[in-house]
Structure formats: C-alpha cells, structure tokens
Amino acid sequence: MARPRKFDEARVIDAAMDTFWRRGYEATSTRDLSERTELGPSSLYNAFGDKHQLYLRSLRQYQETATAEQVEVLRAPGPVEDRLRNLLATAIDTDLSGTDRPGCFAINAAIERAAVDPDAREQVRQNFAVVEEALREALAEGQRSGEIDQTRSAESLARQVLSTYYGLRVLARVQPDRSALMDVVENLLKSCAAAEERG
C-alpha cells in the first residue's frame, strides 16, 4: 500500500510552475525545482514523474488558474467591448508591471517548447483554445445584442482578438509604451464593433 503524501500537492505544483515561468524549461534544473518546492529530487519525481511531466502539470495548473481568470473577465456582466478592453488592458498592465514572472506562461511555453515538444505544444494549444472559445462566446453575445459586427462570424472575430491579445503580450516585452499598446486595443475594438457603434 502506497504511503500517503505528506505535502500540499497544489502548493508544490504552483512552486514548480513559478520556477518554470521565471527561468524557462531548459534553464530550470532539478536542484531549482527541489529548492522551490522544498522536496528532495527523489520525492519530487516519485510524486510527479520527471521534469517534463512536472512541466506539463505546471502548464495545466496555469490553465486552471490564470487562464480561468481570463475566461471570467470575458464572462462578466456588462458590455462586451468593456470586457474585451479589460482583458487586453489587464494583460498589458501585468506585462508592464516589472514582475519577475515575465509575460504569459503559455506564450513562453509556445515559444520555447512547442517546436520540439509535442506534449507541451498540445497543452498550450488547449490553453489557447479555452481563451478562444470564451472570446467566441462573448463576441456572439455582442452580435446578438447589436454591439458587435454581425457581418463576420464570431469565430473569425475571436481569432482576430486572440491573435492581437497574444501579440500584445509579446510586444509589451520590448515596447513599454502603454499608450501605444492601448492604441492597438482601441483600433481592434473599433474593427469589431457594429457599424453604428463605430460612428
């Protein structure tokens, strides 16, 4: 009979996610993970498998926490335009805040691992798909209310917003001018609005 674990699994995964987020996959060593999670290497890998499995679990944790928060913003009450602006502006402000958790963990994983790691690529794809579906739902709601352009499909609009959202998160790393980034946001929102709203 296996002995019960004597640690908080959620805390350990969060610590591992934080380490991968700050350092990246390749630069994170077993020692780094052990120090941050406060588990010895054997305990860590007996519980979660190898470094790669812990990385994938960290990506799932990100989807269950940070990505879920993004979805909540899109499902909040109020005008769809306000929800979209809030999502985009919050991301910009987070990325310009100087935190040592750079950017979006899912984007970092896509850039660092997706080309060489099919499992990581699939996990990131699922993460992006969750956000895209929440965007599609919000935009379809806006189309029904007459707020959002009805001449394009909600799916097409969602992909446009998603591409802009992730593009802004990358751009914010080298473009610290909030007003320039928010100009992109306002132009995006204008392009999604119904014709009468644009006027």
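The values are calculated or read from the model by the stated rules, or taken from the named source; none is laboratory data. It should be emphasised that the depicted structure is a prediction, and the values quoted were computed from it without experimental measurement. Here the Cβ positions follow ideal geometry from the backbone for every residue, glycine too, while neighbour counts run over all protein chains shown. The accessibility values were calculated without ligands, DNA or RNA, using every heavy atom of the protein model including side chains. Shrake-Rupley method; radii C 1.70, N 1.55, O 1.52, S 1.80 Å.
Scanning region 148-199 for residues that are within 23 Å of Ile111 (Cα to Cα), of a type in the set (S, T, N, Q) and at pLDDT 95 or above gives Gln160, Ser163, Thr164.
Out of curiosity, is Ala134 in a helix (DSSP H, G or I) and among the small types (Gly, Ala, Ser)? Against the criterion (in a helix (DSSP H, G or I) and among the small types (Gly, Ala, Ser)), Ala134 qualifies. Entry remark, region 144-199: residues being in a helix (DSSP H, G or I) and either under 17 Å from the mean Cα position of the chain (by Cα) or small (Gly, Ala, Ser) (or both) number 21 in total. Restricting the first member to region 59-72 and to residues that are in contact (Cβ under 8 Å) with a residue 12 or more places away in the chain, and the second to residues that are part of a helix (DSSP H, G or I) and charged (D, E, K, R), the beta-carbon pairs closer than 7 Å and six or more apart or on different chains are Gln61/Asp14. Within region 135-147, residues that are farther than 15 Å from Asp82 by Cβ and open to solvent by 20 Å² or more (accessible area, probe 1.4 Å) have Cβ atoms under 7 Å from residues that are part of a helix (DSSP H, G or I) and not acidic (Asp, Glu) in these pairs: Arg136/Ala154; Arg136/Ala158; Gln143/Ala154, counting only partners at least 6 apart in sequence or on another chain.
Within region 24-42, residues that are among the acidic types (Asp, Glu) reach partners that are part of a loop (DSSP other than H, G, I, E, B) and open to solvent by less than 30 Å² (accessible area, probe 1.4 Å) with beta carbons closer than 9 Å, at six or more positions or on different chains, in the pairs Glu26/Arg113. Please go through region 111-123 and pick out each residue that is modelled with pLDDT of 95 or more and open to solvent by less than 60 Å² (accessible area, probe 1.4 Å). Of everything in region 111-123, those that are modelled with pLDDT of 95 or more and open to solvent by less than 60 Å² (accessible area, probe 1.4 Å) turn out to be Arg113, Asp117, Ala120, Gln123.
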